[in-house]
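Notes for the one structure printed next.
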Amino acid sequence: MRLVPWIPPLFRDRAAAGCALAEAVAELELDEPVVVGVARGGVAVALEVARQLEAPLTAIDVERVNAYGLRLGAVTAHGPPYLREGHGVPEEDVESALERSRRAAEALEARLEHETLPVAGRTTVVVDDGLITGLTLAAACRWARVEGVARLIAATPVGHVDGLARLREEADLVVCPHPLAEIAVVGQAYDIFDPLEEWYIAGLLADAAAGAAG
């Protein structure tokens, strides 16, 4: 049995993590950025970043790609996937898994009733609530690249150093206030890390849009 290393919680909840991440991102002094939260948990963190930067907030979903009990990678509804190398899964099964995950991402985005803002030509900050492998944010970065962003920043309040290294191959810059060598699951870094309901995420996005319009 694998033992999970203990670490003291770093944040009370995603809002607190977002405030900490927002301070780090604000130091970059970005020019008119757009903030993209990874649904679901990343949106709650990204909201605080968007507020600090006085930037528009939008969201995408990233789904895991699984087959034969293995996590092969991750994919968005409309971007290229990020897949591990050497997984040994037959190509036809990979394609089937990708299609299932793409449909799931499309379905969640439709249920949120949120149209992703255009990011082409913009400095874009892609945010999640934490990472271990980095596969989710890597797939989000690949989506941003094909959308034609001008500069791509991947941001997360906490992450394993190995996952952050993977992310640096995809983004122009990676911002992580708490890079850790001993963390097994993202929830270890939080006192409160409950799953966020879709209605709650939709509400965050609607409030952010209303604030930007007002």
*asked:* Once R0 is set to 30 Å, what does the formula 1/(1 + (r/R0)^6) return for the Cβ-Cβ distance between residue 78 and residue 6, expressed as a FRET efficiency to the nearest 0.05?
replied: 0.15
*If you stretched the chain out fully between residue 64 and residue 120, how much longer would it get, using 0.36 nm times the residue separation minus the C-alpha to C-alpha distance?*
17.7 nm
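In the chain, once you exclude exposed GluC sites (Glu not before Pro) (DSSP loop, at most 13 other Cβ within 10 angstrom), what's the longest stretch remaining? Don't skip to the end; give the middle numbers.
Working: sites that count: 27, 29, 54, 85, 113, 115, 169, 182, 197.
Looking at the chain, 116-168 is the longest stretch - no exposed GluC sites (Glu not before Pro) with at most 13 other Cβ atoms within 10 Å.
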*the stretch 1-154: antiparallel DSSP beta bridges as a percent of all, rounded to 5*: 40
_Give me the extension gain from residue 146 to residue 99: residue separation times 0.36 nm, minus the current Cα-Cα distance, reported in nm with one decimal._
15.1 nm
*Count charges around residue 71 for me, please; just the other residues with Cβ under 14 Å from its Cβ, Lys/Arg as +1, Asp/Glu as -1.*
+1
*What is the extension gain from residue 200 to residue 92, computed as 0.36 nm multiplied by their sequence separation minus the C-alpha to C-alpha distance, in nm to one decimal?*
35.2 nm
*Determine the sum of side-chain charges near residue 41: Lys and Arg each +1, Asp and Glu each -1, restricted to other residues whose C-beta is under 9 angstrom from that of residue 41.*
0
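Report the net charge of residues surrounding residue 154, where surrounding means a beta-carbon distance below 9 angstrom and charges are Lys +1, Arg +1, Asp -1, Glu -1.
Numbers: positive: 168; negative: 128, 170, 172.
Counting the neighbours of residue 154, the net charge comes to -2.
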_If each DSSP helix of 4+ residues adds -39,500 (n - 2.57) and the sum is divided by the residues in the chain, what number results at 222 nm, nearest 500 deg cm²/dmol?_
-12500 deg cm²/dmol
*Which value in nm describes the separation of the simple spin-label points at residue 51 and residue 113, placed 7 Å from the Cα toward the beta carbon?*
2.4
*asked:* I need the chymotrypsin sites (Phe, Trp or Tyr not before Pro) found in the stretch 1-109, filtered to DSSP loop residues with at most 11 other beta carbons within 10 Å of theirs.
replied: 6, 68
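All of the numbers you see were taken from the coordinates with simple rules; none came from a lab. Only a predicted model underlies this, so the values are computations on that prediction, with no experimental measurement involved. Note: ideal-geometry Cβ built from the backbone for every residue, glycine included; neighbour counts use all protein chains shown.
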